[in-house]
Structure formats: C-alpha cells, structure tokens
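Input: a single structure, listed below in structure tokens.
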Amino acid sequence: MEPITELDTRFSGPDADPTIWEEVRQAISGAQLFWVSTVRADGRPHVTPLVAVWLDDALHFCTGADEQKAVNLETNPEVVLTTGCNDWQTGLDVVVEGTAVRVSDERLLNRLAAGWAEKWDGFWRYEVKDGSFWHDEGGAAIVFRVKPRKVLSFNKETGAASRHRMG
C-alpha cells in the first residue's frame, strides 16, 4: 500500500523534497529497536524500548501480558512507535501512529516468529502456542499488530520532514 506523502514545510529546509515511502518503509523494516509509547489508565504516558517486525504493511511487537504496555493497551490501544538515530545531522527518524490489535492467528504468528528469528539471526526465537509466542525462559508473550494510520519521517541529511498518510 502506497501512502499519500507530503512535505511538511513548517519543519523542512527550503530546498527539501519529501522522503519517499520506500526509504521510510526500509528504515522501519530494518530498525533494530523501537520505542513504544502507550497511555496508562490514569492518563500518564509510558515509554519503553522493544523490538518489532514489519510484515504485511504493519509493525508487530510482543510483550508479556503483565507488562505495563500490555496493561495500558487493554484500556487504550492507541500507540506511537519511534525509531531512528540520536545524531542531530544524520539519519532518518520515523514515528508510526496507529492502533495496537492483538494477534492470535497461529498461521500469522508462525510467520512472525520466523520474521523475528531471521531479523536478529536467531537471537529472538519463539514457539507459537495457544495464540501467543513462547520463549525458552518458559514465558508467554502476546503479539500486537499496528497498521499505521500516519507515519512521520525526519530526514536529517536532506532537511525533509515528511508525512505519510495511509489510505
């Protein structure tokens, strides 16, 4: 799915062109680490790092059912996932906005487990059982899918602040 991409001139350099979606999608797909922002039931924010896999035009992450992010998603499924580089002049920063939906389909979970193992050269290995991921330490992890509504990208080398709206 190709989003509608536009340059946000308020935050871009005078000669900047919007960053193309394929470049942003590759940054999302290749990112080793994301920060997920959720909201607690009392309205306080919660931000934590995690690993994620891009598959079927959506970002997927997992967490233990009793972890704060999972508890937060029970009352408010809206999330923001960010990735990028903390350098001021280089890199591409990406912000993904969407709704986290629980994944329990075992066929999809098996594809995702393979994606986790491939992306991190076997470091993250999951077995699929009872609609969840299971790992060597014996714990279950629930999986969420975030189909982006909007993706913001900040190309620090070209000075382009771009907005990618999903149709």
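Here are some notes:
- Hits in the stretch 124-167 - residues which are more than 19 Å from the chain's Cα centre (by Cα) and either small (Gly, Ala, Ser) or closer than 30 Å to Asp87 by Cβ (or both): Gly131, Gly138, Gly139, Ala140, Lys156, Glu157, Thr158, Gly159, Ala160
- Condition broken by Gly167, with the remaining ones in (1) under 15 Å from Val36 (Cα atoms); (2) surrounded by fewer than 15 Cβ atoms within 10 Å (Cβ to Cβ); (3) in contact with a Pro (Cβ under 9 Å, 6 or more places away or on another chain) satisfied: (1)
- Criterion violated by Pro18 - all others in (1) open to solvent by 20 Å² or more (accessible area, probe 1.4 Å); (2) in contact with a Lys or Arg (Cβ under 6 Å, 6 or more places away or on another chain); (3) not polar (S, T, N, Q) satisfied: (2)
- Qualifying residue in the stretch 103-115 (condition: aliphatic (A, V, I, L, M) and within 21 Å of Gln68 (Cα to Cα)): yes
- Tallying residues that are in contact (Cβ under 8 Å) with a residue 40 or more places away in the chain and among the polar types (S, T, N, Q) within the stretch 10-30 yields 2.
- Filtered residue count, the stretch 84-142, keeping only those that are in a strand (DSSP E or B), among the aromatic types (Phe, Trp, Tyr) and open to solvent by 30 Å² or more (accessible area, probe 1.4 Å): 1
The rows are residues; the columns are (1) of a type in the set (Asp, Glu); (2) under 30 Å from Glu157 (Cβ atoms); (3) touching a helix residue (DSSP H, G or I) at 6+ places or on another chain (Cβ under 6 Å).
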site: Asp57; (1), (2), (3): yes, yes, no
site: Trp88; (1), (2), (3): no, yes, no
site: Val95; (1), (2), (3): no, yes, no
site: Ala117; (1), (2), (3): no, no, no
site: Val128; (1), (2), (3): no, no, yes
site: Ser132; (1), (2), (3): no, no, no
site: His135; (1), (2), (3): no, no, no
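- Test: residue in the stretch 59-81 that is under 18 Å from Ser162 (Cβ atoms) and open to solvent by 30 Å² or more (accessible area, probe 1.4 Å): yes
- Entirely in the stretch 1-69, the strands (runs of 3 or more DSSP E) that have 2 or more residues that are within 17 Å of Thr99 (Cα to Cα): 34-39, 45-50, 52-55, 58-63
The values are calculated or read from the model by the stated rules, or taken from the named source; none is laboratory data. Every value quoted in this text rests on a predicted model; they were computed, and no experiment measured them. Cβ atoms come from the backbone with ideal geometry, glycine included; neighbour counts cover every protein chain shown. The protein model used for the area step is the full one, side chains on, heavy atoms only, and it has no ligands, DNA or RNA in it. Shrake-Rupley method; radii C 1.70, N 1.55, O 1.52, S 1.80 Å.
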